[in-house]
Amino acid sequence: MDEMIKKNFENLLPAFIAAFAKRQDLSDAEIEEIRRIIKK
């Protein structure tokens, strides 16, 4: 996973998350979970 992020998203986790979120219909609960994880 780390290698994919480095290669495809220039090692930028926010770019990876944005690309993932655009391709998914995330529920409100999933969005909140992502926010909680990021805050850690």
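The values are calculated or read from the model by the stated rules, or taken from the named source; none is laboratory data. For clarity, every value in this text was computed on a predicted model and none was experimentally measured. Every residue, glycine as well, gets a Cβ built from its backbone with ideal geometry; the counts of neighbours run over all protein chains shown.
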Exercise. Which of the residues that make up segment 10-32 are surrounded by 11 or more Cβ atoms within 10 Å (Cβ to Cβ), more than 11 Å from the chain's Cα centre (by Cα) and modelled with pLDDT under 80?
Worked result: 11
For this session: Name, by its number, the condition in (1) touching a helix residue (DSSP H, G or I) at 6+ places or on another chain (Cβ under 9 Å); (2) surrounded by fewer than 11 Cβ atoms within 10 Å (Cβ to Cβ) that does not hold for residue 35.
Result: (1)
Seminar exercise, completed: the chain: helices (runs of 4 or more DSSP H) wholly inside it with 1 or more residues that are on the phi > 0 side of the Ramachandran plot and charged (D, E, K, R) are none
